[in-house]
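Encoded as structure tokens, the structure appears first; notes follow it.
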Amino acid sequence: MSEHEYKPKSKVGQWFNDRLPLLTLANHLTDYPTPKNLNYWWTFGGILTFCLITQIITGLTLAMHYIAHADMAFESVEHIMRDVNYGWLIRYIHANGASMFFLAVYIHIFRSLFYGSYKSPREIIWILGIIIYLLMMAAAFMGYVLPWGQMSFWGATVITNLFSAIPLVGEGIVTWLWGGYSVDNPTLTRFFTLHYLIPFLILGLVVLHIWALHVPGNNNPVGIDIKKPSKDTVPFHPYIVIKDGFALLMFMIVFAFFVFYSPNILGHADNYIEANPMVTPAHIVPEWYLLPFYAILRSVPDKLLGVVAMLSAILILAVLPWLDTSKIRSAVFRPLYRQFYWILVADVLILGYVGAMPAEGLYLLIARVATAYYFLHFLVILPVLGFKEKTIPIPLSITEPVLGGNPNLAMAKQKESKIE
Amino acid sequence: MSEKKTKRRDFLFTATTAVGAVGAAAVVWPMIDQMNPDASVKALASTEVDVSSLNPGNTITVLWRGKPVFIRRRTQDEIDEARSVKMEDLIHPEKDEDRAKNPEWLVMLGVCTHLGCVPLNDKGDYNGWFCPCHGSHYDTSGRIRKGPAPWNMEIPKYEFVNANTIKIG
Amino acid sequence: MKTFIKFCSILGLILSIFSQSSAAEKVDYLKTDWTFKGLFGKFDRGSLQRGYQVYTEVCAACHSMKYLSYRNLSEKGGPEFSVEQAKAIAASFEVIDGPNADGEMFTRPAKLSDKFVMPYENEKAAQAANGGAYPPDMSVLVKARGGGVDYIYSLLQGYEKAPDGMILDEGVHYNKYMYGNKIKMSAPLSDGIIEYGDGTPASVEQMSKDVTTFLMWAAEPHLEARHRMGFKAIIYLIILTTLVYFSMKKIWSRIESEV
């Protein structure tokens, strides 16, 4: 973990550190050389850690009052909302926290896409991140089932039925997932168990994610490899800690507005109706953060292929480091990629929008075009772009314009993008 | 750097840390308080018991706030025995007159004050209750006489709504 | 920094568009000024108390409110009846308790700790008595409808003669604001159907407003506490953010780099 040996000052500290090098770890974390030109998009790693811890703590406290039983789940949630001391606060933080978590993770992912953070030597960080993202979706989906409202029940029914698309064994798998012939009490209790487990798996993966990050160190907006430690870096503490803290507080203000002033705006009204296996709500819509994938699912007219398309849309991200053939990391120096990047962002937003709309007429057509473009971006545009694109020359170091004489064209570009 | 400047910076950092710490503490409280009895539990504070069918010398046990409450209709012998005890002989001196306003009726929490077991009726060296867990002996007024328990069994708040009904809580 | 703020506001905009679009088709609901909206929104006590009267004298004949207890009526942030009033209200209802020592169920007057007595024993009984339609439980009704309070308020006043050509089955009524415009509930309110204790004229509009306010409180009993705490929390966060911002500027001024 450390090239230069750290020696604690006190005797006790040394004794302890020789046996369990926690102090070396702490020293590594505080001194960790971080590129000094990281912009605010880099603060979302810290924000995500906050989100995970918030979800775990509020989740644990909710679990002390929640009853995972089909007959009592809805009532126990109402009990939390009405009677438990601060129960309404804890539940609203947890429910909106899921949305804030996804908001932050999408920014985190798109930051990585813009600055090429997934490229060598950071492929493992990226793949761990995709696994975390998948687990987050699983946790969020199962968590949404727990209040046992109409959307919980029908969301669970629709999503578990995706597995029935698998040839031959599909039906058997679905019955196995349900523990019965429909979504019912056995389904609820196992979803609760898994919903409780997954955050801790995520926590473990987050540790690996950060560990893997600390091997090559952070990427940076310029996207070049830098010497560490050097003039280009600052120690993590206090520089990055205070900056992450500032960004986190801004994030918390947005979070607080949702929790205190529109706690149900991101949810769905139908989930305040207790689950009823006899009546399906008029519009079944997943939570906003799953909408783009829902749109991809619905845009394919074949059941099996729809599921395959949806899964591929996520899994394609895992092989992204090898689909992107460009040697240049940061989009700042890739004028063409930068344009395609923004088209992709728009594409995903469009997918999200049509995912919330009924799958018919114009919406369906838009969804199909957007789905096709999504795959085109990753499978065709990115690999070709790496060979064809004329990139802007990259600087040799972050501090170059400060130290060197004339700022080159690349530096000017970089400055410009900073001002934007 | 001038000394004045250093001081102001120190003040800024101290203030930031202090304000941050206050906020962190404020966030911790809801997480702790959620484990306290909730509004619905607090509301279930009282229960009414019909004691018309109870004969002298008999005890019924009812549940109140999740704990057993002994209601004993005492015989005259038991009352006399309880009232004749000298205060010096008691581990936790309390007059029977204070424990049973209406001498015929003893209403008390059936929970041993040692570690919370439920004592057995009509057992022990003092004709009252005996706790099988660690051998505490209680007399006919529910007072601790022998064994590890430190106090007499607790008398809850109760009242006679009418001649046949006791309201506990 | 500027980019960051810009991005946050754009995201907020996108999020709100999404949440708007996920709700069903927009209908123009009747509007009224709700006192409980906004940063400092509070319930109008008088309206809540009248609303309870409308609920109990009109709605409660068919609609249950199974997650509320009589004690809620005297709790802070609600209609705030006095404890004695709430006890009297509770005592006017009979609940089934038991089994007693003989193993039999018995009825007794309700206590503060009891849940609101339901008009029907179960959902099936409710359906049987209402031509197959289940009158929904009203505990969280406001939150369970896309349009929220505006929808309920409008629905109560939305009964009209069916347009020409629309065929209504027996026991089905036309309502301008109902999803599909067909509703099994007949118009529940008419002018003067009840007499308010405080002398307020009981117009349909007034009763709709009062009972909707009451339903909002029933669905969100801690709304006032939430608004109060929210305001404090956000003020606190703004102060701390400002302090952290200046601390950050100080710290970063040690090196030749801008944040």
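The values are calculated or read from the model by the stated rules, or taken from the named source; none is laboratory data. What you see is a predicted model; the values in this text were computed from it and never measured. Every residue, glycine among them, receives a Cβ derived from its backbone with ideal geometry; neighbour counts consider all protein chains shown.
Odds and ends about this structure:
- Taking the criterion of being away from every other protein chain (no Cβ under 12 Å), part of a helix (DSSP H, G or I) and among the polar types (S, T, N, Q), the residues of the range C:195-242 that qualify are C:Q206, C:S208, C:T212, C:T213.
- Only residues that are assigned to a helix (DSSP H, G or I) and at pLDDT below 95 were counted in the range A:36-88, giving 0.
- Scanning the range A:362-382 for residues that are exposed (fewer than 14 other Cβ atoms within 10 Å of the Cβ) and touching a Lys or Arg at 6+ places or on another chain (Cβ under 7 Å) yields a total of 0.
- Residues that are part of a loop (DSSP other than H, G, I, E, B) and within 13 Å of chain A (Cβ to nearest Cβ), drawn from the range C:136-164: C:P136, C:D137, C:M138, C:S139, C:V140, C:L141, C:V142, C:K143, C:A144, C:R145, C:G146, C:G147
- Odd one out for A:A156, checked against (1) in contact (Cβ under 8 Å) with a residue 60 or more places away in the chain; (2) small (G, A, S); (3) touching a Ser or Thr at 6+ places or on another chain (Cβ under 9 Å): (1)
- The single residue among C:I255, C:I251 that is of a type outside the set (S, T, Y) and either in a helix (DSSP H, G or I) or at positive phi (or both) turns out to be C:I251.
- Sole exception among (1) surrounded by 17 or more Cβ atoms within 10 Å (Cβ to Cβ); (2) at pLDDT 95 or above; (3) assigned to a loop (DSSP other than H, G, I, E, B) for C:K42, by number: (1)
- Contact map, the range A:13-28: first residue touching a residue at least 12 places away in the same chain (Cβ under 8 Å), second residue of a type in the set (A, V, I, L, M, F, W, C), Cβ cut-off under 6 Å, separation 6 or more or different chains; pairs are A:H28/A:M1.
- Looking only at residues of the range A:72-91 that are touching a residue at least 12 places away in the same chain (Cβ under 8 Å) and more than 27 Å from C:F231 (Cα to Cα), we find that the one that is nearest to the other protein chains (Cβ to nearest Cβ) is A:F74.
- Filtered by the rule that a residue be out of contact with any Phe, Trp or Tyr (no Cβ under 8 Å at 6 or more places or on another chain) and in contact (Cβ under 8 Å) with a residue 60 or more places away in the chain, the range A:296-306 gives A:L297, A:R298, A:S299, A:V300, A:K303, A:L304, A:G306.
- Note on the range A:302-332: residues that are closer than 30 Å to A:I392 by Cα and either among the charged types (D, E, K, R) or in contact with an Asp or Glu (Cβ under 7 Å, 6 or more places away or on another chain) (or both) total 5.
- Checking each residue in the range A:322-345 for being part of a helix (DSSP H, G or I), β-branched (V, I, T) and touching a Gly at 6+ places or on another chain (Cβ under 8 Å) picks out only A:V332.
- Enumeration of residues in the range A:353-367 that are closer than 13 Å to A:V300 by Cα and either part of a loop (DSSP other than H, G, I, E, B) or away from chain C (no Cβ under 13 Å) (or both): A:A359, A:E360, A:L364, A:L365, A:I366, A:A367
- Hey, A:D225 more than 12 Å from chain C (Cβ to nearest Cβ), among the acidic types (D, E) and either touching a residue at least 24 places away in the same chain (Cβ under 8 Å) or at negative phi (or both) or not: yes
- Looking at A:L396, A:L409, A:L403, A:L344, just one residue is at pLDDT 95 or above and of a type in the set (A, V, I, L, M), and that residue is A:L344.
- Condition met for C:G192 (farther than 30 Å from A:I242 by Cβ, surrounded by fewer than 16 Cβ atoms within 10 Å (Cβ to Cβ), free of Cβ contacts under 8 Å to residues at least 60 places away in the same chain and within 14 Å of another protein chain (Cβ to nearest Cβ)): no
- B:L106 vs. criteria within 18 Å of the chain's Cα centre (by Cα) and part of a loop (DSSP other than H, G, I, E, B): no
- Single residue of the range A:174-204 satisfying the filter (outside any helix (DSSP H, G or I) and not aromatic (F, W, Y)) that is nearest to the chain's Cα centre (by Cα): A:V183
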